[in-house]
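Asks: This is the structure I want to talk about, given as structure tokens.
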Amino acid sequence: MSSRPRQITDPQALRALAHPIRLRLLELLTVDGPASGRKLADRTGESTASISYHVGQLAKWGLVEPAPELAEGRERPWRATSRGITWTATGDGSPEFVAASRALREQFIAQRLVALDSYERHQDDFDTAWQEAAWVGNDFGYLDPEELVEVTERIKAVIGEYTAATRPRRPHARRVDFFGYAVPAHDGPS
């Protein structure tokens, strides 16, 4: 797996990925590593036939690939080809690309909000140390586009130090979901 996010530039690939099951499968294969269709079905509650179809769509766009060296018996595992994805808002400037980019961003945000809501509903299930370590916050400032790019690159670099696939898992570590946004505020009436 490449340690860098894969830049998606094809609007059809963006549309294909703008599906909740496909985003979830890509997340599982990226964070938890290779898994067979059966294991992915168990983790998602989907049928193996559904998983097979959606993994095939991810493979079509080069986002996952078979991991034959990890096969056991009839289990045929898949792995992510990169550490996440990235895409631009406007791409080639075509209406098709802009619409596909928005569709993927909307699906991505919806899934992240579900994860945040899940934490809020279940935070009492975590011990005090985890509850105190969790962070939700915001801030405001005036930046130009170049400064916004600089800030987001620095944030991604810090997070990347802790999420690299090569980083050994520490005792008592658990999966942590990072989600943030940095967008210009709409100053006009809603």
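The values are calculated or read from the model by the stated rules, or taken from the named source; none is laboratory data. All values derive from a computational prediction rather than experimental measurement. Cβ placement follows ideal geometry from the backbone for every residue including glycine, while neighbour counts extend to all protein chains displayed.
Asks: If you check every pair at least six apart or on different chains, which have Cβ atoms under 6 Å apart with a residue in the stretch 74-94 that is over 18 Å from Arg105 (Cα atoms) and surrounded by fewer than 13 Cβ atoms within 10 Å (Cβ to Cβ) first and a residue that is among the hydroxyl-bearing types (Ser, Thr, Tyr) and modelled with pLDDT of 95 or more second?
Replies: Close Cβ pairs (under 6 Å, with a partner that is among the hydroxyl-bearing types (Ser, Thr, Tyr) and modelled with pLDDT of 95 or more) amount to Glu75/Ser36.
Asks: Can you find a residue in the stretch 147-154 that is free of Cβ contacts under 8 Å to residues at least 12 places away in the same chain and surrounded by 12 or more Cβ atoms within 10 Å (Cβ to Cβ)?
Replies: Filtering the stretch 147-154 for residues free of Cβ contacts under 8 Å to residues at least 12 places away in the same chain gives 147, 149-150, 153-154.
Now restrict to residues that are surrounded by 12 or more Cβ atoms within 10 Å (Cβ to Cβ): 149-150.
Within the stretch 147-154, one or more residues are free of Cβ contacts under 8 Å to residues at least 12 places away in the same chain and surrounded by 12 or more Cβ atoms within 10 Å (Cβ to Cβ).
Asks: Scan (1) polar (S, T, N, Q); (2) in contact with a Phe, Trp or Tyr (Cβ under 9 Å, 6 or more places away or on another chain); (3) without any contact (Cβ under 8 Å) to a residue 40 or more places away in the chain for the single condition Thr163 breaks and write down its number.
Replies: (3)
Asks: OK, next. Across the stretch 78-102, what is the total count of residues that are in a loop (DSSP other than H, G, I, E, B) and under 19 Å from the mean Cα position of the chain (by Cα)? Walk me through how you get there before you give the answer.
Replies: Start the filter on the stretch 78-102 by keeping residues that are in a loop (DSSP other than H, G, I, E, B), which leaves 81, 83-84, 87-94.
From what is left, the residues that are under 19 Å from the mean Cα position of the chain (by Cα) are 81, 83-84, 87-89.
Matching residues across the stretch 78-102 total 6.
Asks: What number of residues within the stretch 1-39 are more than 30 Å from Pro95 (Cα to Cα) and in contact with a Leu (Cβ under 6 Å, 6 or more places away or on another chain)?
Replies: Number satisfying all stated conditions: 1.
Asks: Being part of a loop (DSSP other than H, G, I, E, B) and either surrounded by fewer than 17 Cβ atoms within 10 Å (Cβ to Cβ) or modelled with pLDDT under 95 (or both) is the filter here, so list the residues in the stretch 20-41 that pass it.
Replies: Answer for the stretch 20-41, where residues must be part of a loop (DSSP other than H, G, I, E, B) and either surrounded by fewer than 17 Cβ atoms within 10 Å (Cβ to Cβ) or modelled with pLDDT under 95 (or both): Asp32, Gly33.
Asks: Could you give every pair whose Cβ atoms fall below 7 Å, whose first residue belongs to the stretch 56-71 and is farther than 17 Å from Leu40 by Cβ, and whose second residue is part of a loop (DSSP other than H, G, I, E, B), counting only separations of at least 6 or pairs across chains?
Replies: Filtered contacts from the stretch 56-71: Gly62/Thr81.
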